[in-house]
Each structure stands twice: as structure tokens, then as C-alpha cells.
Amino acid sequence: MIADMSLRPVPLLLSTLFVLAPGSPEALSQERGAVVGVAAPLSGPRSSLGEQLEAGARLAADASQVSVVEADTQCSAEGGVEAAETLVEAGSTVVLGFLCTDALLAALPPLTEAGIPVIDIGVRTNRVTDDREKTGHLVWRLAPRSDAEAAALADWIASNWEGEPFGLIEDGSIANRGLVDTVRRLLADRGLEPSATDNYRPAEEKQFGLARRLARTGVTRFLIAGDRPDIAVIARDAAELGLDLQIVGGESLLDETAPDQSLAAGVTALAPPYAHRLEAADGSPERTLPGYSVLAYAAMQIAAQAIGAAGETGQPLKEALDAGSFETILGPVSFDAKGDASAVAYQALRWNGEAFVREDEAGRSAAGG
């Protein structure tokens with residue numbers, strides 16, 4: 001269990017395959033002499049996630065020839081302050097990273113006082129950017145906002161199930177109840193109301209009771225907010241009763257699960273773009289990176305390009321981040337007035353029986369394309 005609700009373990013099910021070639025078009029603009037600070041939990045129970053962050057940042061820094069200095073945030077407020085002091089003393093031009101809210105919020109005042117911008121890749125708490133104008137903090141966010149998942153699910157339901165009966169199901173947890181409540185509110189704003197709602201007790205071996213209740217509603221389209229093993233059991237038991245459910249869920253569906261709890265083909269998950277492929281023409285060795293390495297790599301690309309733009313134009317780095325559009329492995333990234341990134345949009349992935357693939361790819365495969 002992750003104590004910090006803003007810290008989501010990025011699913012390792014979808015790894016990221018980087019094929020990098022020196023001088024390739026995707027290589028970062030070089031800015032020799034620039035120092036980029038990397039703030040990550042490098043000790044304690046979150047260290048494995050910090051290592052993902054570190055790996056992605058270092059790989060991108062190697063490609064850009066940017067110098068890197070690292071600091072351990074320890075996922076705590078005290079660690080955040082200590083990390084900020086270390087990165088200021090090291091002469092950082094910009095800092096990227098941060099996976100924990102307490103560490104980020106404690107580090108922002110000293111980093112802002114030193115005039116050092118921060119690119120957050122892990123903290124989703126809305127107030128980080130919602131309060132930016134009031135606090136004056138120099139923070140830009142590549143991580144999704146905490147309300148992004150609900151917005152993505154509501155958009156998907158409105159686009160795919162408008163005019164059709166649908167239902168909302170949650171597992172009774174605070175997080176998933178809140179997720180469903182937010183989705184319901186967003187759909188109501190569009191004039192859409194669920195035809196059925198329900199909840200279930202998680203971690204049960206069977207869910208026939210829920211499946212029978214769903215069958216009585218006559219509804220077959222459901223958003224289910226819960227863990228992947230539970231959703232697999234619900235789909236399995238519903239199918240045994242002859243109920244063919246269409247199921248959509250959030251990014252928790254990407255989590256690893258036991259072999260005997262495999263998902264039924266056709267289940268849709270909405271998740272940020274954690275899987276990307278960069279092609280190289282020279283046969284360079286393949287690098288497989290999991291989880292937060294993806295966002296750290298993209299953040300380093302943004303940092304290097306912003307430093308380069310500021311150097312060419314003479315504008316402050318803050319203005320370069322605000323005004324720029326940056327080419328990254330996530331696609332073009334720009335930041336809105338609050339400092340939230342444009343590119344980390346949730347995408348629809350469909351389980352094909354073996355893996356989650358983008359819905360457009362799943363459709364082509366089904367059509368024999």
C-alpha cells in the first residue's frame with residue numbers, strides 16, 4: 001500500500017522500449033555545461049520507484065550530454081528540503097523528478113527562492129499547479145493531475161456509450177468510490193446518467209452475487225473501479241452466467257495479476273502513455289525501461305530543450321518553459337497557464353487476451369489489418 005495517495009506505482013506490465021542512436025532525430029539538443037538536478041526517493045520503501053526515475057533521467061542525459069546531479073528526497077518533507085539544498089549548492093539549472101507530495105511541497109520554496117524551475121513527474125495532487133499563481137512556485141508538471149483519470153473515463157463513456165444504458169461499479173474503497181463519484185458528476189454535466197450502480201467486496205474468489213444483480217438490471221456496459229484481479233473475477237463469473245459485459249476501467253487494470261485471474265478479451269483500460277518505442281536505424285542495443293523511467297526521460301528532454309532555447313534567446317528559463325513546445329517520447333509537450341502538461345493524455349487500451357494494446361491497434365487486428 002502506498003501511503004502517499006498522489007504516488008501511483010507506474011504499472012510494470014507495459015515496459016518502455018527505447019532504441020537510441022547517437023545523432024538520431026530524437027536525440028536531445030545538447031547543452032554542455034548545464035546541470036540538471038534529479039530529485040528522487042533513492043532510499044527507503046520507495047527506492048525502487050526512485051531507481052526507475054533515475055534510470056530514465058540518466059539515459060536521456062547521456063543522449064543530451066547534460067550533466068546530472070542527484071538528490072535523495074526520501075519521500076518526506078525533511079528529505080525534500082535536504083534534496084533542494086543539495087541541488088541548489090550543486091548549481092542546478094533546473095530540477096526534475098519528485099514522486100511524493102510532501103517532498104515536493106517542502107522543496108519548492110527553497111528551489112523557487114534560488115530561481116530553479118522544477119518539472120514534476122510523479123506528484124498528482126491538484127494543488128501543486130492549482131496554487132502556482134498564488135504561491136509563485138516555479139513548478140511545471142508532467143505527471144497527470146489527480147482528476148485526470150476521472151475526466152478521461154467520463155470522456156470515454158460519453159464518446160462510446162452515449163445513448164446506451166451503462167452502469168458504474170466500485171469496490172467500496174475511498175479512492176475508487178471517489179473516482180466513481182467524480183465520473184458520475186462529470187457525466188451529469190453532459191446530461192448522462194447511469195442506468196445502474198453497484199459495489200462489491202474486493203478480494204473475493206467469486207462474484208456471482210454481483211453478477212446476478214447486474215444481470216437483473218439488463219445493463220451490459222459498466223465502468224468498474226477496482227483492482228485487476230477483482231475485475232477479472234467479475235467478468236469471469238458474469239460470463240459463466242451468460243452475461244457478456246463490456247467493461248472499462250482505470251489504470252489499475254495495467255497492474256500485474258495472478259495467472260489464474262486473467263482478464264477476458266475486450267476489457268478496456270484508460271491509462272497514461274507509459275509504453276513508447278523509439279526506432280533507430282543503426283542497430284543500437286535495445287534498452288527496456290519500466291514505469292517512471294518514461295516520464296523522467298521525457299522530463300529530461302524538456303529540460304534540455306528549454307535550456308537550449310533560453311540560451312539562444314536570452315530569455316529566463318521560466319519563460320522558455322511557459323512558451324515552448326517540446327519534442328519528447330510522449331509527443332509534443334507544452335504547458336498550460338497552470339503549468340500542467342498537454343501531452344500526458346490518457347489513452348484507451350484493450351486487452352486482446354495476452355496484452356493491452358491501443359484500441360485502434362486492437363481494431364485493426366480484429367479486422368485483419
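The values are calculated or read from the model by the stated rules, or taken from the named source; none is laboratory data. As the structure is a prediction and not an experimental result, all values here were calculated from the model. No Cβ is skipped: glycine too gets one built from the backbone with ideal geometry, and neighbour counts run over all protein chains shown. Areas reflect the complete protein model, heavy atoms only, side chains present, ligands, DNA and RNA absent. Shrake-Rupley method; radii C 1.70, N 1.55, O 1.52, S 1.80 Å.
Annotations for the structure displayed:
- Cα gyration tensor, the range 118-268 - rounded (a/c under 1.5), prolate or oblate: prolate
- Taking a sphere under 14 Å around the Cβ of Glu89 and counting the other residues whose Cβ falls inside, with K and R at +1 and D and E at -1, yields a net charge of -4.
- With K and R counted +1 and D and E -1, the other residues having a Cβ less than 10 Å from that of Ala337 yield a net charge of -2.
- The range 314-339 and the range 195-238 have Cα centres spaced 43 Å apart.
- Accessible area per residue for the range 52-172 is 34 Å², calculated with a 1.4 Å probe on protein heavy atoms, without ligands, DNA or RNA.
- Between amide H atoms placed 1.01 Å from N, distances below 5 Å from Ser43 occur with Gln74, all of them 5 or more places distant or on a separate chain.
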